[in-house]
Amino acid sequence: MVGVTETWQVEPSGPLRGDIGVRGSKNAVTKHMVAAMLGDGPSTIRNAPEVGDVDITAAMLEAVGFAVSRDGGEITIAPNGKLESRVPAAFTGLNRIPILMLGPLLHRTGEAFVPLVGGDPIGRRPVDFHVSALRALGAEVEAGPDGITARATRLHGARIDLPYPSVGATETVLLSAVRAEGKTVVRNAATEPEVVELALFLQRMGAHIELSPDRRIVIEGVPRLRGASRWLAGDRLEAFSYLAAGLITRGEVRVHGCPQDRLVTAITTLAKMGAQIDITDEWITASAPSGLRPAAVSTDTHPGFMTDWQQPLMVLFTQAEGMSVLHETVFENRLVYVPALQKMGCEIETFAACLGGEACRFHDTNAVHSAVIRGVSKLVGADVTLPDVRAGFSAVLAAAVADRPSVLRGIHHIERGYHRPFDQFGSLGLTIHRG
Ligand code: EPU
């Protein structure tokens, strides 16, 4: 992992062109690593990305007593003698993974402590759904100032209705209910491909899971799980980000390794904006020889337009001819990165109203969650500090089409979630210098 002080100097670099292979996503690999805690034998995750969040998660697993070995894109996790029930406080605020470790630690040791979770500053990001789900499954859970403590001699099945189809809370239920006693039914569950991938991995470990219609998942607990092996599908958000990189710079990036069915809404959005899309069984490419039209997009849960696609889309909107509208409905503060783009000349105005779509659950709040974007904005090089992982990537895209070099600070955010971004951008023709 790079240091938090690392900067990149990015030069305007003309059209980005070439081939990019995407590996599994940070949001799938880290959950598979937690699932591996439940197996009696070693588990192997293949096609794993080399990202900072894997380093953090591996260190947490080692801290509670698992052996973690890594060889390129392969991560093997094995039980390694006596387990600790506490994730050390040193991991406070580093990512969102500790909360998911509660269920597996309870199964293993009967008690658990995890420090406060972090992640990007994109909203309040409470963990109340996770805590309520664990309580419903029979755990005693106490939220303290430093983290969460839980106890349970044995979890038991329950009916859980999630107030919102939360990815993380659905994963907490999966990771806790697979070895609970009896049946768990979770309603209003998330159906993101990364959640389904986790369910498939757990099934390989011996879990009994049914993915039913209408966001319903049924889990019959089993007493033991074995280790398993799984190859991760390519990251849909990294794939979209590189397709956007090609379009923003009037080039063309051919993305390999991400199945089309993970990108349906993204591809249609780009096509409606006038991009020419070519899709084969191996790769997807997008180009816009005659420029792009504006659009109105609302983010949503799967299969809608994913919230992690909106940051590269925002930069793309600044390069389309006319006014576009973006409505963020998943995280109330996800537009936190807009000031950095405005500093780079992006003509973006933000609003607390729901623009360009139906009213969302932030309707009657002060959350600034809609944006109107004027294209074509003339972008300028600037010195900016990156607030989060996805925003960081879009600042690189803006810098690529600015009038002069930019200095981007806080590169660790990008390296936390994208596989070797310095090398990947370099291979497409972007001129970057590490500071
Ligand atoms: N929510 C609650 N209470 C909870 C849990 C969630 O109110 O206990 C709310 C959140 O505040 C948010 C909404 O429910 O408004 C959705 O949150 P969700 O739980 O689905 O998100 P998450 O699990 O925290 C994961 C990804 C995000 C991705 C979202 C949505 C990981 C580590 N993070 O977050 O990825 O945007 O799902 O798909 O898997 C990223 O990679 O940059 C990133 C932020």
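Below is a table of values for the structure above.
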| read-out | value |
| --- | --- |
| The range 196-208, residues that are assigned to a helix (DSSP H, G or I) and in contact (Cβ under 8 Å) with a residue 60 or more places away in the chain | Glu197, Leu198, Phe201, Leu202 |
| Odd one out for Pro223, checked against (1) within 16 Å of the ligand (Cβ to nearest atom); (2) part of a loop (DSSP other than H, G, I, E, B); (3) in contact (Cβ under 8 Å) with a residue 40 or more places away in the chain | (1) |
| Wholly within the range 259-378, strands (runs of 3 or more DSSP E) carrying at least 1 residues that are at positive phi | 322-327 |
| Within the range 265-292, tally of residues that are more than 25 Å from Arg374 (Cα to Cα) and polar (S, T, N, Q) | 2 |
| Matching residues, the range 383-400, being surrounded by fewer than 21 Cβ atoms within 10 Å (Cβ to Cβ) and of a type in the set (Ser, Thr, Tyr) | Thr385 |
| Members of the range 39-82 that are assigned to a loop (DSSP other than H, G, I, E, B), modelled with pLDDT of 95 or more and either among the basic types (Lys, Arg) or under 20 Å from Leu175 (Cβ atoms) (or both) | Asp40, Gly41, Pro42, Ala48, Val64, Gly65 |
| Residue within the range 401-408 that is of a type outside the set (Lys, Arg), surrounded by 24 or more Cβ atoms within 10 Å (Cβ to Cβ) and in a helix (DSSP H, G or I) present | no |
| Residue in the range 345-352 that is under 16 Å from the mean Cα position of the chain (by Cα) and either away from the ligand (no atom under 16 Å from the Cβ) or modelled with pLDDT of 95 or more (or both) present | no |
| Those residues of the range 140-171 which are more than 15 Å from the ligand (Cβ to nearest atom), part of a loop (DSSP other than H, G, I, E, B) and either free of Cβ contacts under 8 Å to residues at least 40 places away in the same chain or surrounded by 15 or more Cβ atoms within 10 Å (Cβ to Cβ) (or both), in sequence order | Gly144, Pro145, Ala152, Arg154, Leu155, Gly157, Ala158 |
| Subset of the range 267-282 [buried (at least 17 other Cβ atoms within 10 Å of the Cβ) and among the small types (Gly, Ala, Ser)] | Gly274, Ala275 |
| Qualifying residue in the range 231-247 (condition: under 22 Å from the mean Cα position of the chain (by Cα) and surrounded by fewer than 19 Cβ atoms within 10 Å (Cβ to Cβ)) | yes |
| Candidate set: the range 50-99, residues that are surrounded by 21 or more Cβ atoms within 10 Å (Cβ to Cβ) and touching a Ser or Thr at 6+ places or on another chain (Cβ under 6 Å); chosen: the one nearest to Asp40 (Cα to Cα) | Ile77 |
| Residue in the range 252-266 that is farthest from the chain's Cα centre (by Cα), counting only those that are over 14 Å from Gly234 (Cα atoms) and surrounded by 20 or more Cβ atoms within 10 Å (Cβ to Cβ) | Glu252 |
| Test: Val178 is away from the ligand (no atom under 16 Å from the Cβ) and over 17 Å from the mean Cα position of the chain (by Cα) | yes |
| Any chance Phe129 is out of contact with any Cys (no Cβ under 9 Å at 6 or more places or on another chain) and within 13 Å of the ligand (Cβ to nearest atom) | yes |
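The values are calculated or read from the model by the stated rules, or taken from the named source; none is laboratory data. Since the model is a prediction, treat every value here as computed from it, not as a measurement. Quick reminder, even Gly has a Cβ in these numbers, built from the backbone with ideal geometry, and neighbours come from all protein chains shown.
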